[in-house]
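Accompanying notes for the structure given below.
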Amino acid sequence: MSEKNNALRVFVDSNILISAVLSESSTASKLLTLLIGQHHLIICSYSITEISKVIERKFPKIIPKWDKFLTTLEFRIAYTPSDLSAIKVPHIRDPKDLPILVSAMVAQPDILVTGDFDFHTPEIQEHFAVMTPADFLRAFSDDLSH
């Protein structure tokens with residue numbers, strides 16, 4: 001597993017990371033286990049900041065778990081540009097999703113995994129595949145079931 005033959009570069013959205021931290025038995029947690037073992041996980045700097053704020057505000061008891069998650073998880077970081085308008089991106093319905101989309105466009109992953117259906121548009125999918133966690137697991141988790 002450490003060689004990661006035929007590994008994909010997979011960018012995950014903030015909602016996936018929050019779900020994984022909140023529940024080790026979640027689909028998101030299973031997804032991260034698969035990604036870490038067989039693929040290249042990409043997380044953007046905006047997500048890390050955003051999630052840290054959400055956890056501090058809504059789930060302060062899991063701050064140590066989030067900190068451990070960040071320090072032990074193997075991932076590549078995609079820098080979120082300060083000037084989001086500097087990167088040409090397809091239209092996205094919710095302006096709050098723009099930092100994630102810009103970061104993904106900069107990172108150029110093979111697949112963006114998100115539970116947010118605003119990303120599941122033909123315009124965005126011209127740049128990279130977009131899948132839900134469940135779809136990704138169905139497509140790529142054959143080895144986990146054996």
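For the reader, a short list of remarks on this structure follows.
- Derived scalar couplings ³J(HN,Hα) [the stretch 57-70; Karplus, 6.51 cos²θ - 1.76 cosθ + 1.60; whole Hz; x for Gly, Pro]: 7, 9, 9, x, 5, 9, 3, x, 5, 5, 4, 5, 3, 5
- In plain terms, the chain from HIS127 to ASP142 could stretch by 2.8 nm, reckoned as 0.36 nm per residue minus the Cα-Cα distance.
- Each of [x] -0.62, -0.91; [y] -0.56, -0.97; [z] -0.85, -1.19 is a candidate for log10 I(q)/I(0) by the Debye sum over Cα atoms at q = 0.13, 0.17 Å⁻¹; the one calculated from this structure is [y].
- Under 5 Å, built H, 5+ apart or other chain: amide partners of THR80: SER45, TYR46
- Formal net charge of residues neighbouring SER14 (Cβ-Cβ distance under 10 Å; K, R +1; D, E -1): -4
- Backbone HN-Hα couplings from phi across the stretch 22-36 [Karplus 6.51/-1.76/1.60, Hz, Gly and Pro as x]: 6, 9, 5, 9, 6, 4, 4, 5, 4, 4, 4, 4, 5, 4, 4
- Each part gets one Cα centre, and for the stretch 1-44 versus the stretch 83-102 those centres are 23 Å apart.
- Nonlocal amide H pairs with VAL130, under 5 Å, H built at 1.01 Å: LEU112
- Using 0.36 nm per residue and subtracting the Cα-Cα separation, the extra length available between VAL106 and ALA134 on full extension is 7.6 nm.
- Other residues lying with their Cβ under 15 Å from the Cβ of ILE42 contribute a combined charge of 0, Lys and Arg counting +1, Asp and Glu -1.
- Summing charges over neighbours of LEU32, with a neighbour being any other residue whose Cβ is under 14 Å away from its Cβ, gives +1 when K and R count +1 and D and E count -1.
- Computed from backbone phi, the HN-Hα couplings of the stretch 71-81 come to 7, 10, 6, 8, 8, 9, 9, 9, 6, 8, x Hz, rounded to whole numbers (Karplus: 6.51 cos²θ - 1.76 cosθ + 1.60, θ = phi - 60°; Gly and Pro given as x).
No lab work stands behind these numbers, since they all come straight from the coordinates. These numbers come from a predicted model, not from an experiment. Every residue, glycine among them, receives a Cβ derived from its backbone with ideal geometry; neighbour counts consider all protein chains shown.
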